[in-house]
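These notes concern the structure reproduced below.
Bear in mind that the values in this text are calculations on the coordinates, not laboratory data. Nothing here was measured: the structure is a model prediction, and the numbers come from that model. Neighbour counts run over all protein chains shown; Cβ positions are idealised from the backbone, glycine included.
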Amino acid sequence: MSAIIDFLFTDPAWPWVRMILFLVGAASFAGANAAYLVWCERKVAAYVQRRPGPMEVGPQGLIQPIADAVKLLCKQMLSPIPQADGILFRIAPVAMVMPALMCFVVVPFGDLLIPARIDLGLLVIFAFGAFNVMSLMLAGWSSNNKYATISSARVVSQNVAYEIPMLLTVVTMIMVTGTTDLGTIVAQQSGGFWHWNILSGIWTLANPLVPFTFLIYFICMLAETNRAPFDLAEAESELVAGSFTEYSSMGFGLFFMAEYINIVVGCSVATVLFLGGWHPGFFPLPANPWLASLIGFGCFCAKLYTLIFFVMMARWTYPRTQFYGLLNLSWKILIPVALVTLLLSGVLMKLTNLF
Amino acid sequence: MGYFGEIYSGAKSLVIGMRITLDQFFKNFRGNSNVPYPHATLPIPEKYRGHIIFTHDPETGKSRCIACKSCERACPSGCILVEGEKKEGETKKSVTLFELNFTRCSLCGACVEVCPTDALDFSKRYNLAGTSKAVYAKIDLVEDLKKRTQK
């Protein structure tokens, strides 16, 4: 037995074992999140409206997500053939989930818990994040349904409009941190919570407007993941279910999963870029690297789920915007402010280099 | 309102909205007034008017009804049918048939008011359902009382 363990944990086999472990870990993390964030969402919605929420299946309705998953898996996937484009119709949900899962490859969950530490980590996330638009468009178009088509048109213009301020804020942060490697970005923010990028930019004068940068990122993330108040793409009260009106069974389930995974990824990036990643900020980590990773993972999750909580609260607080309101917000407010922060941090960096 | 004024007032309204929903959210942890309906129910008010039933006389274990037909006459909708007979060895008549047509009853309470022996009262039954009209077109109060006394 120990011989097998020795073989698995030493060099020729270890990189593969590590890869498989991370694959299983990331996939189960994503699946568990997708299932239980639905439960959280329902509870948050209920509590905001002073209801108890799901209570019947298991204590506090905790088994409800499993029951829902079993139900979705048992159903038949109907496709509106011959009107629909059958192949694209089946590819779209997969093309939605896969890029979302791929983003987990570079997310640093803890000191030693980075599946792959690559120099262009941030770029990888935004590259795969951009796939989301195309999959939704494919889904809407291949369904041959007018609501789905309207929805996919909305998705494209919305995501294109919000990609710009989002990437502007990310460029600002890349200028401040000087790297796109997420592991290094987190390592730079070690120490007390005042070293986190959301605060350190103010006192190091690298980017004094960094709280606004964070807000713009957060708003753009809501819009990119098609969350309320920017959920025009799947406005239930107007467009049935948006791009995935025609989907049933696990095809629908995959879209739902991908949506929640995208939220997790977006909030993970916010945590890494602005809130110090897995650094606790209030107490030092223990010396043992594995223990430190575990506590770091806990801190990461605490920050991640706090952000997700506010994403959910935003959904149940703010009414849906109209389409021109959405685009006005992007082009008239977010892009100018993001540009100002970008310019300001550029000028300040140049000035501090001069003296 | 200028450009910055608009941003300021917009942001302020967002903060106020978020504060209200957060407030409501955290109030739930101090308890809320929800009743998980099928598992628990609110107490039915004393004056609730369900369909009429016979009151249960604790001395005889039977109905106090003397089949005087006052309720039948008093009913404005004509939805009560009473029959009675005088049994041997008893001074009063006793009821043998009391049919209520609840599909026409307007719950006015004239029958309960007019009853000389307080034999009628409102029930607290509110979750009524049946698969045919006949179930509520003929509610047999005598049978109903029998069932209740057996329990």
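Some notes on this structure:
- For the segment B:4-14, counting C-beta atoms of other chains within 10 Å of every residue's C-beta and taking the mean gives 1.
- The distance from the alpha carbon centre of segment A:193-265 to that of segment A:269-307 is 21 Å, rounded to a whole number.
- Computing FRET efficiency as 1/(1 + (r/R0)^6) for A:Arg18 and B:Leu128, where r is the C-beta to C-beta distance and R0 is 56 Å, gives about 0.30.
- Candidate aspartates and glutamates for bridging to B:Lys124, where Cα separation is under 16 Å - those fewer than 8 sequence places away on the same chain excluded: B:Glu46, B:Asp144
- Cα centroid of segment B:107-127 to Cα centroid of segment B:49-76, whole Å: 7 Å
- Put the Cα centre of segment A:140-186 next to the Cα centre of segment A:32-89 and the gap is 25 Å.
- Computed from backbone phi with θ = phi - 60° and the Karplus coefficients 6.51, -1.76 and 1.60, the 3J(HN,Hα) list for segment B:34-48 is 6, 10, x, 3, x, 7, 9, 10, 6, x, 7, x, 4, 8, 5 Hz; x is used for glycine and proline.
- Annotation: lysines with alpha-carbon distance below 20 angstrom to B:Lys27 (same-chain offsets under eight excluded): A:Lys43.
- Take each peptide in A:184-194, A:253-263, count the other Cβ atoms within 10 Å of every residue, and average; sorted highest first, the result is A:253-263, A:184-194.
- When each of the peptides A:34-45, A:140-151, B:92-103 is scored by how many other beta carbons lie within 10 Å of its residues on average, the order from highest to lowest is A:140-151, A:34-45, B:92-103.
- Note on B:Lys92: lysines with a C-alpha under 22 Å away, same-chain residues under 8 apart excluded, are B:Lys62, B:Lys69, B:Lys146.
- For B:Glu59 and A:Ser249, a Förster radius of 60 Å and the Cβ-Cβ distance give a FRET efficiency of 0.35, rounded to the nearest 0.05.
- Per residue, the average separation of C-alpha pairs within less than 8 Å and at least 6 apart gives chain A a relative contact order of 23 percent.
- Label-to-label distance, nm, for residues given as A:Ala241 and A:Leu344 (7 Å Cα→Cβ offset): 4.4 nm
- Within the listed set A:Ile216, A:Ile114, A:Ile66, the Gaussian network model of chain A (springs between alpha-carbon atoms below 10 Å) gives the highest mean-square fluctuation for A:Ile66.
- When each full DSSP H helix of chain A is screened for a Cα extent of at least 27 Å along its own axis and an average Kyte-Doolittle hydropathy of at least -1.0, the helices passing are A:14-48, A:146-177, A:249-274, A:289-317, A:335-354.
- With a Förster radius of 45 Å applied to the beta-carbon distance between B:Glu88 and B:Glu46, the computed FRET efficiency rounds to 0.65.
- Mean partner shielding of peptide B:19-28, defined as the number of other chain Cβ atoms within 10 Å of each residue Cβ, is 5.
- From most to least packed by mean Cβ count within 10 Å, the peptides A:16-24, B:80-88 give B:80-88, A:16-24.
- Basic side chains Lys and Arg get +1 at the Cβ, acidic Asp and Glu get -1 at the Cβ, and with that the dipole of the protein assembly as shown about its Cα centre reaches some 1280 debye.
- Inter-chain Cβ neighbour average for residues A:281-294, partner chain, 10 Å: 0
- The slack between A:Leu167 and A:Ala153, meaning 0.36 nm per residue of separation minus the straight C-alpha distance, is 2.9 nm.
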